[in-house]
Amino acid sequence: MKKVLFTSLSALFVLWGFALTNDANKNPSFFTSKAQAATSGNVTLSGTVLPYLNLTFATGQTGDFGNITPGTPKCTSNPSGTVVNVTTNASNGYTLALYDAESGAVSDMTHTDTTTKIADMNSGTIAAPVLWVTGTHLGLGVTMYSGLASKEALWGTGASACDVAGNKYAAVPETATTGHTVTGFRITTDTSSWGWRVDVPNTQKTGIYSGVVTFNAVGVIS
Amino acid sequence: MKRILIALFIGLASASLIPYTAKAATKGIQISPLSYNFEIKDGSGDTGKIIITNQNSDPLNYVIEVENFASVTDEGAPTFAGTEPEGAYTTLADWFTFDAPKEGVVEPFKDVTIGFTINIPQGAEPGGHYAAVFAREIRKNAEGKTELGVASRVGSLILVTVPGETKKTGTITDFTYPKLIWKGPAEFTMKVENTGTVHYDSKANVELSPIAFLGKKTNVDLGTHTIIPSSSRNYVGSLDKKYPFGYYKINATATDGDGASITTAGNATLIAIPLMIIIPGLIGLALLIWIIVFIKKHVVFKP
């Protein structure tokens, strides 16, 4: 018993002495375990979410009137007309305008002679579209027959691209004129659908006509 | 053989139920950011940039255009003036220069950043000047067919203030409110016109102050809009209490460009009586009175 006690005390004294004379960095390896070295640092991430507006055409980027007989109004052959998609994160919404950059009472539908044009619809404006009356209305007209978010009442009650009984038509203006406005933030893509109609007088030069109408979108001013 | 035919039939029938969706060909253009608001002294300039993105699988041919606008609808939609010169004097649209050619191509699923500088000429008229920078898709007519094509154009609105002698005044041209309501919400609408020479943000508010301690003071915030000169903006707000109660004096205000309050003329009042609560209450009271009278008449309490 005495021997055990004496040995234990001696060992303790040795250990104590060792600890006093060695700094912590030189601890005996059997008393230390290697921990994996840890390092840390900061990474700064930054970015800016910008407001954007995207305008695409789901269908009807080309509208084919086919053969036009004077006195017989025609819609484009695509039953959906032109379907416009607008996606934006603008907090106040967007506006959609149309124009053809043609001065005077003519549309951009131009003959292959590059001079002769089909007239603008002879009545009806973007501000006040009118019901199409065969025999009275001539020229190129446009209507908005459907809107996902909303449809302005001035475009009539039509439900399809060639719903002549319900759609109200307007001449395409020379400068961008608002035809459709959606106010407020929209999470999803908004869609508006447009129909085209044309009739010509007997005096219209025969031949092929083609033209472009531009849809113009900007954010609503806050 | 019979089993093979049945299996074939079932397979074909199942295949016909799988919806087939032809991927619609979409053509279009994207722009960012959507607006800039500058204050630039005459003789100085400032810069900005627009980012045009092509999200289609075909290259996008574009052209940059700048058009002035001088009027805005009540909903905030600008009316553009076209790209032709407006007269002998220069306008904001003429003060733009771009750091890249105005025509270009954006490759599929790529974007292009175009920087611009607005240089205000010396002696430019103080006040507001307004334009939009557009990116228009260049579209060529197809040949050989009588057809109409459509192209896309998207824009970033540019609002510029040239400091100097300017007016930031406004007026409330219309204010509608309910005079008597049984239940909420109660809607208020206001139209504010900018009668000044420079755009500003106008905050509209309707304050309901109780008369004769009937009700609680309430504010209805109609929001804030940017109004450009000679244009009006619509404001809409509502008192969203389900059963409002009280007798209120209505004070409709909007702020002008200097932060001063513009108010409506006249005394507007609102009476709110929640009939859904009061009528059952009155019926209950009448019933109670009747019961008391009935008991008094027909019930004798014996000591």
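Quick notes on this structure:
- Segment B:29-53 residues that are acidic (Asp, Glu), paired with ones that are buried (at least 16 other Cβ atoms within 10 Å of the Cβ) (beta carbon under 6 Å, 6 or more apart): B:39/B:161; B:42/B:120; B:42/B:124; B:42/B:162; B:46/B:38; B:46/B:40; B:46/B:118
- Criterion (over 30 Å from residue A:92 (Cα atoms), surrounded by fewer than 11 Cβ atoms within 10 Å (Cβ to Cβ) and modelled with pLDDT of 85 or more) met by exactly one of A:41, A:71, A:47: A:41
- Meets criteria (under 18 Å from residue A:61 (Cα atoms), among the hydrophobic types (A, V, I, L, M, F, W, C) and either assigned to a loop (DSSP other than H, G, I, E, B) or touching a residue at least 60 places away in the same chain (Cβ under 8 Å) (or both)) for residue A:142: yes
- Of all residues in segment A:195-222, those that are touching a Phe, Trp or Tyr at 6+ places or on another chain (Cβ under 7 Å) and within 30 Å of residue A:111 (Cα to Cα) total 6.
- The single condition among (1) closer than 30 Å to residue B:56 by Cβ; (2) modelled with pLDDT of 95 or more; (3) surrounded by 17 or more Cβ atoms within 10 Å (Cβ to Cβ) that residue B:118 does not meet is (1).
- Scan of segment B:45-82 for residues that are assigned to a loop (DSSP other than H, G, I, E, B) and more than 11 Å from chain A (Cβ to nearest Cβ), ordered by number: B:57, B:58, B:59
- Residue in segment A:80-101 that is in a loop (DSSP other than H, G, I, E, B), among the hydroxyl-bearing types (Ser, Thr, Tyr), closer than 16 Å to residue B:150 by Cβ and in contact (Cβ under 8 Å) with a residue 24 or more places away in the chain present: yes
- Being hydrophobic (A, V, I, L, M, F, W, C), modelled with pLDDT of 90 or more and surrounded by fewer than 22 Cβ atoms within 10 Å (Cβ to Cβ) is true of residue B:260.
- Of the residues making up segment B:198-223, those that are buried (at least 20 other Cβ atoms within 10 Å of the Cβ) and farther than 18 Å from residue B:243 by Cα number 8.
- Applying the criterion of at least 3 residues that are among the hydroxyl-bearing types (Ser, Thr, Tyr) and at the interface with chain B (Cβ under 7 Å from one of its Cβ atoms) to the strands (runs of 3 or more DSSP E) found wholly in segment A:167-222 leaves A:177-183, A:209-219.
The values are calculated or read from the model by the stated rules, or taken from the named source; none is laboratory data. Values in this document were obtained by computation on a predicted structure and should not be read as measured data. When we count neighbours, we look across all protein chains shown, and the Cβ atoms used for this are built from the backbone with ideal geometry, even at glycine.
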